[in-house]
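Below: the structure, in structure tokens.
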Amino acid sequence: MNKMLRNRKAQAVLELAVLGSLIIIAFSILIKYSEKYNREQSYMQQTFRAALKKAKEINNSASWETIDFRRMPNVTNPMEIGELQQFGSGNSVLWSDGKKVGGKETTPKAYFELNRSSVSVIPPSVGPGPQAGEETTSKFSYTSKLSSGTDFSKTESLDDISTQKSLTAKDNIDGSVGVGGTTVSLKSDLGAGGKYIGGSLERKRGME
């Protein structure tokens, strides 16, 4: 009887371990894709608002393209480097009442934003293709050079044990994208929070 109870307990523990790991995997996948979808919607709204603001300023057509690189959080192991993802969106808006601005006729304009930090004004396209102020991206390519390292330390005393783990990572992205008839550099460096704003990414975790 006791042997049968022990076997049942062992089976229950095994089933709980398998089911628990499956639930963790399912939650990590759900969090990953919900985060990605949320960011895509955020970028879409951001480019629309930016294009609308510029179109209103120039009283004409304006387009806003954006590309953003991010290192997403590693849900299963926060002390490891997450996956590199690239988000992008673009919108064109026409806002015009037919009046001159400052006594002058205005022309459509296009803008390209990288990592929500640097903005380039794109010259109007010439010849066949999209209308001026409606430039699109093409010839998109980049390379990522990632280097990372972890340090682990442990201190023991008679009444205390403490551990600390730190992660340091550097990533350099180099590439270019064609916007209309202009080639824009995508050079950027990994920084805090997984954003490519320069510097390096550092994380620390301690336990006592």
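The values are calculated or read from the model by the stated rules, or taken from the named source; none is laboratory data. Keep in mind that this is a model prediction, so the values were computed, not measured. Every residue, glycine as well, gets a Cβ built from its backbone with ideal geometry; the counts of neighbours run over all protein chains shown.
Here are the numbers:
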read-out	value
Filter result (of a type in the set (G, A, S) and either modelled with pLDDT under 85 or over 25 Å from M79 (Cα atoms) (or both)) within the stretch 150-180	S157, G175, S176, G178, G180
Residues that are under 18 Å from D68 (Cβ atoms) and of a type in the set (S, T, Y), drawn from the stretch 104-124	Y111, S117, S118, S120
Selection count where residues are within 19 Å of N77 (Cβ to Cβ) and of a type in the set (A, V, I, L, M, F, W, C), scope the stretch 193-208	2
Members of the stretch 172-208 found to be closer than 17 Å to G90 by Cα and either out of contact with any strand residue (DSSP E or B) (no Cβ under 6 Å at 6 or more places or on another chain) or not hydroxyl-bearing (S, T, Y) (or both), listed by number	V177, G178, V179, G180, G181, V184, L186
